[in-house]
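The values are calculated or read from the model by the stated rules, or taken from the named source; none is laboratory data. Predicted, not measured: the structure shown is a model, and the values here were computed from it. Every residue, glycine among them, receives a Cβ derived from its backbone with ideal geometry; neighbour counts consider all protein chains shown.
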Amino acid sequence: MKKMMLVSKITCPKCGYQQEETMPTNACWYYYQCNACKTWLKPLSGDCCVFCSFGTVKCPPVQLEGDCCR
């Protein structure tokens, strides 16, 4: 059985700032504001959330099922 990780470090593609965040298990974060430069991030094409695009760990639904949480 796979162990689900709930903490991911999001890296802002504009300024490189990294912030550790706890991921929800029942929802996706489609938008995320960088704490340093205030840029709003949204998923890259083909990704379901900011964790899948900019995080060190994919979101829980993708970890468990390997499928987007749309």
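Just a few scattered comments:
- Test set (1) surrounded by 13 or more Cβ atoms within 10 Å (Cβ to Cβ); (2) more than 12 Å from the chain's Cα centre (by Cα) - residue 48 fails condition number: (2)
- Filter pass, residue 8 being polar (S, T, N, Q) and either part of a strand (DSSP E or B) or in contact (Cβ under 8 Å) with a residue 60 or more places away in the chain (or both): yes
- Looking only at segment 13-26, and only at residues there that are over 11 Å from the mean Cα position of the chain (by Cα) and part of a loop (DSSP other than H, G, I, E, B), the one that is surrounded by the fewest Cβ atoms within 10 Å (Cβ to Cβ): 26
- Residue 8, sole failed condition from (1) at pLDDT below 95; (2) within 10 Å of the chain's Cα centre (by Cα); (3) surrounded by 18 or more Cβ atoms within 10 Å (Cβ to Cβ): (1)
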